[in-house]
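S.K.: One structure follows; several queries about it will come next.
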Amino acid sequence: MYYLGVVVTGVGVLFLCLGGIGLFRFPDVYNRVQAGTKCTTLGAFATIIGVGIMEPTWFWKTLIIALFILATNPISSHSLGRAAYKSGTELAEGSVVDMASEFEEYSEE
Amino acid sequence: MSKVKSFFYLFSVLFLVWLGFTATFQLQELALGLTLSFLLSLIFYKTYVNIGFPPLGIKRFVFALIYIIVVFKEIIKANLDVAYRAVHPKIPINPGIVIIRTNLNGDVAKTVLANSITLTPGTFTLDVIGDRLLIHWINVESKSEEEATKLIGERFERYLRIIFA
């Protein structure tokens, strides 16, 4: 049981590390938020659950903490992305399409 | 939803979370948990009514469970996808901002949809106005509204439509 927990925690740490690498390598704010959301969700989830598997008496607590992170992580990234978009941050070069100006028209309806 | 019902929903949710955190059935812990849940429910049950969660039902519960499994599968796919893009030497991204539509009514349903989209491969929600969502897509596959709606939103919406019907 202990070693299973070590493996799960290790997977989580690996994903957190990859998320950090993505944060450095992606070109603009929006892509970086993507890296910061996707990898940290599973990363934090697996790390916390792994600790719960290592210490079975903590399992339910860690499960609740992990579910809390799962529910709140998208909200933080959404607010970061929305702040960037509202303050007019440009997309990186090589972006395919930007419908933000069309979207603004709907707000007047 | 009636006030009494929403009071009991909130009370049971709070008490279950308390049980999860303390993970014991000692009398002292239970008494403290019951008291705190009762007081918090007394204060907040009005807010809970205003949010407008749908009433419980067996069909809803089953579909909610299926939905959680679907979302979890998508989360794992999303992580592998973004991690792959992060470590690939050429950084194979094709980013853009697209609009999708939703048929869902109600703020809770739209919030759940937006959060699920944020957790799935390569997409996250920037803004919501009415029935349209502004989505940043790391690998744009289609620029048209209908196609994008089908590719991004449809896999969740068909469950959410039943859960929040």
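S.K.: For helix B:27-51, report the angle its Cα long axis makes with the longest principal axis of the Cα atoms of chain B; keep it between 0 and 90° and round to the nearest 10°.
M.R.: Compared with the principal axis, the helix lies near 60 degrees.
S.K.: Let me ask something additional. On average, how many beta carbons from a partner chain sit within 10 Å of the beta carbon of a residue in B:120-133? Write out the running numbers ahead of the final one.
M.R.: Details: counts 2, 2, 3, 2, 12, 5, 12, 10, 2, 7, 3, 1, 6, 1.
Mean shielding count: 5.
S.K.: For B:Phe61 and B:Lys3, what is the calculated FRET efficiency with R₀ set at 22 Å and r taken between the beta-carbons, to the nearest 0.05?
M.R.: Between B:Phe61 and B:Lys3 the formula returns 0.45.
S.K.: Under the Karplus relation 6.51 cos²θ - 1.76 cosθ + 1.60, θ = phi - 60°, what is the ordered set of whole-Hz ³J(HN,Hα) values for segment A:50-56, x standing for Gly and Pro?
M.R.: Per residue, the Karplus-derived 3J(HN,Hα) values read x, 4, x, 6, 5, 10, x Hz.
S.K.: Right, next: Based on DSSP, what percent of beta bridges with both residues in chain B are antiparallel, to the nearest 5? List each step's numbers first, then the result.
M.R.: On the way: 12 of 13 bridges.
DSSP beta bridges in chain B are roughly 90 percent antiparallel.
S.K.: List every residue whose amide H lies under 5 Å from the amide H of A:Asp98, counting only residues 5 or more places away in sequence or on a different chain, with H placed 1.01 Å from N in the peptide plane.
M.R.: Long-range HN contacts for A:Asp98: B:Ile97.
S.K.: Shape verdict for the protein assembly as shown, please, from the Cα gyration tensor: rounded (a/c under 1.5), prolate (a/b greater than b/c) or oblate. It would help to have the intermediate numbers written out before the result.
M.R.: Values: a/c = 2.25, a/b = 1.31, b/c = 1.72.
The shape class here is oblate.
S.K.: Would you mind checking which residues have amide H under 5 Å from B:Asp127's amide H? H placed 1.01 Å from N; only 5 or more apart, or other chain.
M.R.: Under 5 Å from the amide H of B:Asp127 lie the amide H atoms of B:Leu134, each far enough along the sequence or on another chain.
S.K.: How far apart, in nm, are two points set 7 Å out from the Cα along the Cα-to-Cβ line at B:Thr22 and at B:Ser142?
M.R.: 5.3 nm
All of the numbers you see were taken from the coordinates with simple rules; none came from a lab. Here the structure is a predicted model, which is why all the values come from computation and not from measurement. All Cβ positions, even for glycine, are placed from backbone atoms using ideal geometry, and neighbour counts span all protein chains on display.
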